[in-house]
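A.B. asks: This structure is in structure tokens; I'll ask about it shortly.
The values are calculated or read from the model by the stated rules, or taken from the named source; none is laboratory data. Remember, predicted model here, so these are calculated numbers, not experimental data. Neighbour counts are summed over all protein chains in view; Cβ atoms, including those assigned to glycine, are modelled from backbone coordinates with ideal geometry. Heads up: the accessible areas ignore ligands, DNA and RNA and are worked out on the full protein's heavy atoms, side chains in. Shrake-Rupley method; radii C 1.70, N 1.55, O 1.52, S 1.80 Å.
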Amino acid sequence: MEHAPNTQFLKGISDGLGQTGIPIYFKLPGKEVMEPFYVIGTHLDDDSLSAKFGPAVVDTDLQIDLFYPTNSRTDLEDALHQTKAALGVRKRLSSDVRIDNTIGREVYHVIFKISDFII
């Protein structure tokens, strides 16, 4: 069975992140799940016609959240580096590191935003 381009895109992202050994979820797990973990979250697609590629291209933006323990900033930086390497070359990739306690304890919360073309 051939999958939709967005399914292939998400599978590629998930497979790449899987190389880091950090668990991956598609929604925020319960508070009993300890860090580190990824959440592959919201995405926005724009399938407007493109003069360069025509109608078969989707410009997509995807958010990936990394929740990481606050016990070592250097370990976090290594995880950031591994994550970016696992995601590969993209049209645009940004990350925002913050301290967060919305999951009931203080953690590093890294928000990755990926923009890429799906053909």
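A.B. asks: Check the straight Cα-Cα distances from K113 and name the lysines below 21 Å, setting aside those fewer than 8 residues away within the same chain.
C.D. replies: Hits, sequence-local ones excluded: K11, K27, K84, K91.
A.B. asks: If you don't mind, there's one more thing I want to ask. Within the chain, what whole-number % of the accessible surface is contributed by carbon and sulfur, with the 1.4 Å probe and all protein chains included in the calculation? It would help to have the intermediate numbers written out before the result.
C.D. replies: Details: 3820 of 7240 Å².
For the chain, the apolar C and S fraction of the accessible surface comes to 53 percent.
A.B. asks: Report the full-extension gain for the segment R90 to K27: residue separation times 0.36 nm, less the Cα-Cα distance, to one decimal in nm.
C.D. replies: Details: separation 63, 0.36 × 63 = 22.68 nm, distance 2.31 nm.
Value of the extension gain: 20.4 nm.
A.B. asks: Once the whole set of protein chains is in place, how much accessible area is left on R92, using a 1.4 Å probe, in Å² to the nearest 10?
C.D. replies: R92 has an accessible surface of roughly 130 Å² with all protein chains in place.
A.B. asks: Which order do E2, E106, E77 take by accessible area at a 1.4 Å probe, largest first?
C.D. replies: E2, E106, E77
A.B. asks: Within the chain, what's the longest stretch lacking chymotrypsin sites (Phe, Trp or Tyr not before Pro) that sit in DSSP loops with no more than 15 other Cβ atoms inside 10 Å?
C.D. replies: 54-119
A.B. asks: Net charge near G104: determine it from the other residues with C-beta under 13 Å of the C-beta of G104, scoring Lys and Arg +1 and Asp and Glu -1.
C.D. replies: Neighbour charge sum, excluding G104 itself: -2.
A.B. asks: State in Å² the accessible area per residue of the chain; use a 1.4 Å probe, count heavy atoms of protein chains only, and round to the nearest integer.
C.D. replies: Accessible area per residue, the chain: 61 Å².
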